[in-house]
1. Got at least one residue in the stretch 27-39 being of a type in the set (A, V, I, L, M), surrounded by 14 or more Cβ atoms within 10 Å (Cβ to Cβ) and touching a strand residue (DSSP E or B) at 6+ places or on another chain (Cβ under 8 Å)?
2. All but one of (1) exposed (fewer than 12 other Cβ atoms within 10 Å of the Cβ); (2) among the β-branched types (Val, Ile, Thr); (3) farther than 22 Å from GLU61 by Cα hold for ILE2; which doesn't?
3. Restricting the search to the stretch 32-59, which residues are in a helix (DSSP H, G or I) and touching a residue at least 40 places away in the same chain (Cβ under 8 Å)?
4. Quick one: would you say GLN20 is of a type in the set (S, T, N, Q), in contact with a helix residue (DSSP H, G or I) (Cβ under 9 Å, 6 or more places away or on another chain), at pLDDT 95 or above and exposed (fewer than 15 other Cβ atoms within 10 Å of the Cβ)?
5. Give me the residue from the stretch 2-31 that is part of a loop (DSSP other than H, G, I, E, B) and under 15 Å from VAL50 (Cα atoms) and, out of that set, nearest to the chain's Cα centre (by Cα).
Amino acid sequence: MIKIKTERLLLHPISDEEMQKIIDDENNPEMQKAYSEMLQGCLDNPEDRVWFATWNMELKE
């Protein structure tokens, strides 16, 4: 998994399962469609999934 580390942050793309949960929990149909397209991009292009995935941002502790 690709991770980007900065002085204060850790960034990484979320898993397909996590993306599906976001889709399932989203109430806005337009956002649900956008997230679904992003997930489909990940599934169709696994070698380039970082360009399609939603990323998680965490503070380093």
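The values are calculated or read from the model by the stated rules, or taken from the named source; none is laboratory data. It should be emphasised that the depicted structure is a prediction, and the values quoted were computed from it without experimental measurement. FYI the Cβ positions are ideal-geometry reconstructions off the backbone, even for glycines, and counts take in every protein chain you see.
1. Within the stretch 27-39, not a single residue is of a type in the set (A, V, I, L, M), surrounded by 14 or more Cβ atoms within 10 Å (Cβ to Cβ) and touching a strand residue (DSSP E or B) at 6+ places or on another chain (Cβ under 8 Å).
2. Condition not satisfied by ILE2: (3).
3. At the first step, the residues of the stretch 32-59 found to be in a helix (DSSP H, G or I) are 32-44, 46-51.
Residue satisfying the conditions is VAL50 alone.
4. On the way: of a type in the set (S, T, N, Q): yes; in contact with a helix residue (DSSP H, G or I) (Cβ under 9 Å, 6 or more places away or on another chain): yes; at pLDDT 95 or above: yes; exposed (fewer than 15 other Cβ atoms within 10 Å of the Cβ): yes.
When the stated conditions are applied, GLN20 passes them.
5. At the first step, the residues of the stretch 2-31 found to be part of a loop (DSSP other than H, G, I, E, B) are 2-3, 6-8, 14-15, 26-28.
Narrowing the set further to residues that are under 15 Å from VAL50 (Cα atoms) leaves 2-3, 14-15.
Values: ILE2: 12, LYS3: 12, ILE14: 4, SER15: 7 Å.
Restricting to residues being part of a loop (DSSP other than H, G, I, E, B) and under 15 Å from VAL50 (Cα atoms), the top hit is ILE14.
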